[in-house]
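All remarks here apply to the structure that follows.
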């Protein structure tokens, strides 16, 4: 039995029945991480502390004091602050940053008994869809194309290391962040489940900010049930986050196994004409068929402003990023240049040396959107269209319970394949930014393989605070997908 | 578009050799965001985010960073110096 290939519920059962120990479970993951180091998925490994935590977890289980997720080993994206542990955001700017405090969701999970294996690779400051902007080099997708097995593929981004660590059995689940699809798109690229709750349901306190009105913590796991178990433990009101929702915590795993009979599924059929691969459309239609055969009611819907959503997202995200990243001035945080003659030059050199190309580009363009003479044309206009998008979704959810649409327009692509025009990379987020703009919960799950043997994902969205509905619908869809999602040959 | 001005606004050093490339890539992004001009927003108010009420806390201290914690992010000589003096040394902020 490969312990690192178990599901979370299987592992929890095995631990509680003393079939194996937490120490053995953690060691199985440590061995897997060490074996596949070349995938470059972890920036910081926490093997020693994980082994010590496993011994404590074993003692708690022996004494009958096991908590909900006692001894479950997971990874954490490297933009969650972890007290006393490096938090680099995959940037030269923060390569030596050790937080003196800890993110609330990390603490919530720690209090549930999980064990942290390490901090995972990501796009620098979570800006990217391919994990190639990391200062520590690209993370590599464990999946290989049957057409070219020698080619390294991107794991998606920005939570690329997190997604790949779960897919390659180097963690049972991972904490990620999703600003425009950074949990759901890499989940789709790695054949796993990725879920982002409603904006405000998981605290943003202690997450290094990218775009504060869009950022949200999320979960990557190998099944809908596993993602429900982790998400239930990390959500909750946090007085330290002024945008936190004061909504009661829920046990989402109670939704597992329920029927979708009578549930109304909205399908935006007009998006089938957008720039999207035929294989994705076929799997979309197959998912519709499964829901219909399961007793759900399918109806055609229209998502207004879909053509503008990507633009609105990038205007808001870049504007907020340029403001948030102003704090990196060489005085208070992170890297400080050693080459300067004046205070002004110290700031300029620090930021030029500390930020990579994509981060600099987003700061530059964000400064443009916010600059005098252009703010109304770009930032204010984008916020107004965002408002229209929110109103449109409120209207849609008067008639349907769930929206079904793809997670990404294509299968995972080769590292370096999209480099000429940044907009071509941004188009990866075309289906995922909607949920962030409207602050909705959304989940991606794998629904099939492409002709090249690569995973493709489908996305489910529900109205605000209705995480239960997407878990219920996703579980029903997952039960009817007979494909085995396990990467080979990595 | 005045790219050099954007570098100044962003507090990033102007790198002459990449200005053309930066200009090209930013213009590609601006071309994408121009699709927003097709939406009429005349009747939409300017309050930018009115559906989340900001929560306020009591002005009370709940956690305290110790000096040792705060010095975790200093390295080498800076850390030794800070530990000896018990304060941070920052770069000279006020110019002569």
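The values are calculated or read from the model by the stated rules, or taken from the named source; none is laboratory data. Values in this document were obtained by computation on a predicted structure and should not be read as measured data. A quick note on method: Cβ atoms are made from the backbone with ideal geometry, for glycine too, and the neighbour counts reach across all protein chains shown.
Some observations on this one:
- From the list A:451, A:437, A:456, the one residue that fits, being modelled with pLDDT of 95 or more and touching a strand residue (DSSP E or B) at 6+ places or on another chain (Cβ under 8 Å), is A:456.
- The single condition from (1) surrounded by fewer than 15 Cβ atoms within 10 Å (Cβ to Cβ); (2) part of a helix (DSSP H, G or I); (3) touching a helix residue (DSSP H, G or I) at 6+ places or on another chain (Cβ under 9 Å) that residue B:17 fails is (3).
- Residue in the stretch A:416-432 that is modelled with pLDDT of 95 or more, touching a strand residue (DSSP E or B) at 6+ places or on another chain (Cβ under 6 Å) and over 29 Å from residue B:24 (Cα atoms) present: no
- Of all residues in the stretch B:34-49 being more than 7 Å from chain A (Cβ to nearest Cβ) and at pLDDT below 85, the one that is farthest from residue A:212 (Cα to Cα): B:45
- Test: residue in the stretch A:211-232 that is out of contact with any helix residue (DSSP H, G or I) (no Cβ under 9 Å at 6 or more places or on another chain) and either free of Cβ contacts under 8 Å to residues at least 60 places away in the same chain or surrounded by fewer than 24 Cβ atoms within 10 Å (Cβ to Cβ) (or both): no
- The residues in the stretch A:237-265 that are in contact (Cβ under 8 Å) with a residue 60 or more places away in the chain and within 14 Å of chain B (Cβ to nearest Cβ) can be counted, and the count is 5.
- Verdict on residue A:100 being touching a strand residue (DSSP E or B) at 6+ places or on another chain (Cβ under 8 Å) and in a loop (DSSP other than H, G, I, E, B): no
- Condition broken by residue A:483, with the remaining ones in (1) touching a strand residue (DSSP E or B) at 6+ places or on another chain (Cβ under 7 Å); (2) without any contact (Cβ under 8 Å) to a residue 60 or more places away in the chain; (3) not in a loop (DSSP other than H, G, I, E, B) satisfied: (3)
- All positions within the stretch A:57-89 that are closer than 30 Å to residue A:157 by Cβ, free of Cβ contacts under 8 Å to residues at least 40 places away in the same chain and surrounded by fewer than 21 Cβ atoms within 10 Å (Cβ to Cβ): A:83, A:84
- Test: residue in the stretch A:287-310 that is in contact with a strand residue (DSSP E or B) (Cβ under 7 Å, 6 or more places away or on another chain) and either at pLDDT below 95 or at positive phi (or both): no
- Test: residue in the stretch B:50-60 that is facing chain A (nearest Cβ under 8 Å), within 30 Å of residue A:425 (Cα to Cα) and at pLDDT below 85: no
- Single unsatisfied condition, residue A:365 versus (1) under 25 Å from the mean Cα position of the chain (by Cα); (2) more than 8 Å from every other protein chain (Cβ to nearest Cβ): (2)
- Test: residue in the stretch A:376-393 that is away from chain B (no Cβ under 14 Å) and either modelled with pLDDT of 95 or more or surrounded by fewer than 20 Cβ atoms within 10 Å (Cβ to Cβ) (or both): no
- Annotation note: Cβ proximity below 7 Å between a residue of the stretch B:1-30 that is more than 9 Å from every other protein chain (Cβ to nearest Cβ) and a residue that is surrounded by 15 or more Cβ atoms within 10 Å (Cβ to Cβ) and not in a helix (DSSP H, G or I) (sequence gap 6+ or interchain) occurs for B:4/B:14.
- No other residue among A:341, A:329 is within 13 Å of residue A:93 (Cβ to Cβ) and surrounded by fewer than 24 Cβ atoms within 10 Å (Cβ to Cβ) apart from A:329.
- For the stretch A:331-344, the candidate set comprises residues that are under 15 Å from residue B:94 (Cα atoms) and part of a loop (DSSP other than H, G, I, E, B); within that set, the residue that is farthest from the other protein chains (Cβ to nearest Cβ) is A:341.
- Filter result for residue A:353 (modelled with pLDDT under 95, within 14 Å of another protein chain (Cβ to nearest Cβ) and closer than 26 Å to residue B:5 by Cβ): no
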